[in-house]
Amino acid sequence: MQLNKFVFLLSWLLMLSLKAMPETGEHLWLRYATLPQDIQSEYVSFSKVYFLDDGDTEKVALEELSLAFKGLIGVDVRLQNKPAKSKLLMGKKLHQIVNIPGLEEALRKCGDDGFAIQSVDFKGTKKIVVSANTDAGILYGTFALIRLMQTGQTLDSVNIVEQPKYEFRLLNHWDNLDGTVERGYAGRSIWWNREASFEALKQQYLTYARANASIGINGAVLNNVNADPKVLSGDYIRQFARIADVLRPYHIKVYMSVNFSSPAILGRLPDSDPLKEEVQQWWNNKVKEIYDAIPDFGGFLVKANSEGQPGPQDFGRSHADGANMLARALEPYGGIVMWRAFVYSPSGDDRAKQAYKEFVPLDGRFHKNVIVQVKNGPVDFQPREPFSPLFGALKNTSLMVEFQITQEYLGFSDHLAFLAPLQKECLDSDTFVDGGGSTVARVTDGSLFQQEHSAIAGVANIGRDTNWTGHHFAQANWYAFGRLAWNHALKAEDIAREWIEMTFTNNPQFVDPVLNIMMRSREAVVNYMTPLGLHHLMGWNHHYGPEPWTEIEGARPDWLPRYYHKASETGIGFDRSQSGSNAVEQYAEPLRSMFNNPQTCPENLLLWFHHLPWDYRMSSGTTLWDDLCYHYYKGVDEVKLMQAMWDRLRGMIDQERFEHVQRKLKIQAREARWWRDACLLYFQTFSKMPIPYELERPEHDLEELMKLKFDMTNHN
Ligand code: GCW
């Protein structure tokens, strides 16, 4: 064989084998796959690094940098002992060692966790400087630099000075000690009830730690808010300590969800009344025991007097009494209490109003290391809700947003739904509590009311699945949450773009259509599940699939869809206006009046706030019924489009992930039609109006759909 033919064949085989390299998703957005040649060239010289190394955190930052250089451009980091010899200078407070113009000033804007990445002129040559005030800042700066490389940014005139918007940026794992995960759709818990030895698990925990550090997450609550009192036993405290040791260099603290009745259940005290000294003493001792094992333990997360969980109200005490007792126990060690405001009881009053009614009277009564944790919407993580009226109403209390990253109500890990637009919608909502511009972001990040602490939490979608999140695209929701927790001003598109480039490829022919898919995905879900402000139409316990008809004898009415949609012959929707439950009153003007009037209420929340006749005229002139049909059909069409766009991308990425996503989109397309038909055919039994003739006919039969039994085993 001629030599050039042989070389050609060899390179062709090599290409084939590269293409066929299976990708499992296990490395998340930290794959560090080889960059295209033209992007690489700029970075090669930066592998000559001066790294001021003085602690465990710097050590892992340097390890990461080495991994990235090796993977992205195939070179080793070459450490230099003198700044002058290097191209990349990294380290804490570098200006104290080397004269770098402007750095000292930049670091003044970085706070504790921030960093500066600057291109500087150093004695006539260009260098890149990564510096910060703390070890954590160096870690975050390193990951930011790596991200610039992963996404092919030029470093030539880079000038970045960042500081996170929130002090505490946490994941909440709803992981039970038996290894199951409440509302988890990516396999069992990575933390609990594991067969493998801890040594063997470490690798997985390190990837977890790196992924979180790369997006700035600095805390993880390791167990479910429906907390087992056993978590406070010595054995579990030791297990927490082991995990804390692995996460510590990555600047991630561990937190624990605690059961309010622990003193009685675990400590065998007569009760858990927070005003009793022996109860307080019990908590003080427990907290000391924890800090003896974990000196940098973060604190407690508490779900109390909610959905059957015990709490201070069991003893006639308030949320503030309960939270403050724990806060005082944690205070000497610098720990915090995150006290959840997700409370509702079968009181007969509108569920959406209850948290506000319980918490607003307590404003100003929480200890300074308590943060009240509020779900983004007033009901429960629906595909679309207005923001919770608690934001802005508690002016003298530290308040944090809780988002759900796991897709309890958005198709589990079967549906592609990019959640950054949902989170942005909430964070950018103007509460008007202190005039225009009082966004949810500003009432929670401390810039409006200067609360003691600022924080944000996301309910994790992580499990033992090899790709961590079940659906490959669900990784994007973990990623995006972290990025927004760091900087809520980022654009959803920008976050999506960087995630795609890091996770799949920099090829614009892939990136652009995938970005398009992601950016339309959440609204598609809203359209085929709960358009126009509808909510809670899903199966009442598993929360998957449409069941707007469900009636369960003996069940609480506010668990059932009919409580929320109130469809009848006269119309559909929950009247929360002044003539109904008056939930609108909990919002500040001008929102209150705007929501109160169907003519001014945003149409995407219309049926959240109003019960309207089927022939109500929408702004477009169509009837409410027709409009509802158009939305459901649009949702289905959108998924079809997402599918078609994805199908065209075959061959641009590895086959494994391509086909996996393709399969999931097929499920999503089928289920979008299921949702559409179930909801429309059921509502039609009340509206008695035809589905507009220009739309295709439903493909299901209502009676058949109502007989379907949902099998959870296929979805976990
Ligand atoms: O969203 C609902 C879920 C429950 C969850 C609860 C909560 C952890 O259906 O599974 O319990 O909210 O947030 O406490």
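Every number here is computed from the coordinates shown, using simple stated rules; none is lab data. This is a predicted model, so every value here is computed, not measured. All Cβ positions, even for glycine, are placed from backbone atoms using ideal geometry, and neighbour counts span all protein chains on display.
Here r is the Cβ-Cβ distance between GLN599 and GLN509 and R0 is 51 Å; the resulting FRET efficiency, rounded to 0.05, is 0.65. Taking a ≥ b ≥ c as the square roots of the Cα gyration tensor eigenvalues, with a/c under 1.5 meaning rounded and otherwise prolate when a/b beats b/c, else oblate, which class fits the chain? In terms of gyration-tensor shape, oblate. Once the other residues with Cβ under 14 Å from the Cβ of GLY348 are scored (Lys, Arg +1; Asp, Glu -1), what is the net sum? With Lys, Arg at +1 and Asp, Glu at -1, the net is +1. The magnitude of the dipole of the stretch 589-716, with charges of +1 and -1 set on the Cβ of Lys/Arg and Asp/Glu and taken from the Cα centre, is near 220 debye.
In the stretch 5-162, the convex hull through the Cα atoms has an average projected area of 10.8 nm², a quarter of its surface area. With a cut-off of 14 Å between beta carbons, the residues surrounding PHE403 carry a summed charge of +2, where Lys and Arg count +1 and Asp and Glu -1. Computed packing ranks the peptides 112-120, 74-82 as 112-120, 74-82, most packed first, by mean other Cβ atoms within 10 Å.
Computed from the alpha carbon atoms alone, the convex hull of the stretch 412-455 holds 79 Å³ per residue. For GLU452 and LYS288, FRET efficiency with R0 = 25 Å and r from the beta-carbon atoms, rounded to 0.05? In this case the efficiency is close to 0.60. Across the chain, C-alpha contacts under 8 Å between residues 6 or more apart give a mean separation that, scaled by the residue count, equals a relative contact order of 11 percent. Simple spin-label estimate for LEU490 and ALA33 gives 2.0 nm between the two label positions (7 Å along the Cα-to-Cβ direction from each Cα). Here the spin labels are modelled as points 7 Å beyond Cα on the Cα-Cβ line, and at GLU63 and LYS357 they lie 5.3 nm apart. The length gained on full extension between ALA200 and THR180, counted as 0.36 nm times the residue separation minus their Cα-Cα distance, comes to 5.2 nm.
As a calculated quantity, the FRET efficiency between LEU641 and GLU104 at R0 = 51 Å, using C-beta atoms, amounts to about 0.45. Pairs exceeding a 23 Å alpha-carbon distance, out of LYS48/LYS202; LYS165/LYS664; LYS92/LYS165; LYS59/LYS123; LYS253/LYS276: LYS48/LYS202; LYS165/LYS664; LYS59/LYS123; LYS253/LYS276. Three principal axis extents describe the C-alpha atoms of the stretch 168-494; from largest down they are 51, 50, 36 Å. Relative contact order for the stretch 5-162: 22 percent, from Cα pairs under 8 Å spaced at least 6 residues apart, divided by residue count. Going from the residue with the fewest nearby Cβ atoms within 10 Å to the one with the most, CYS629, CYS110 rank CYS110, CYS629. For the pair TYR693 and GLU589, the difference between a 0.36 nm per residue extended length and the Cα-Cα distance amounts to 33.3 nm. How many angstrom separate the Cα center of the stretch 94-136 from the Cα center of the stretch 298-350? Rounded to whole Å, the Cα centres lie 43 Å apart. Adding -39500 (n - 2.57) for every DSSP H run of four residues or longer, then dividing by how many residues the chain holds, sets the calculated 222 nm ellipticity at -12000 deg cm²/dmol. Whole Å is fine, so just give me how far the alpha carbon centre of the stretch 412-478 lies from that of the stretch 233-248. Centre-to-centre distance over Cα atoms comes out at 28 Å. Straight-line cross-link partners of LYS109 among the aspartates and glutamates, defined as a Cα under 12 Å from its Cα and at least 8 positions apart when in the same chain: GLU162. Modelled spin labels at MET706 and ASP54, positioned 7 Å past Cα toward Cβ, are 7.3 nm from each other.
Here THR154, THR397 are placed in order of increasing Cβ neighbour count within 10 Å, fewest first, which gives THR154, THR397.
Find how many whole Å separate the alpha carbon centroid of the stretch 497-551 from the alpha carbon centroid of the stretch 249-263. One Cα centre to the other: 32 Å. Computed over the stretch 98-154, relative contact order equals 28 percent, with contacts defined as Cα pairs under 8 Å that lie 6+ residues apart. The lysines whose alpha-carbon is closer than 19 Å to the alpha-carbon of LYS353, local same-chain residues fewer than 8 away aside, are LYS303, LYS375, LYS395, LYS566.
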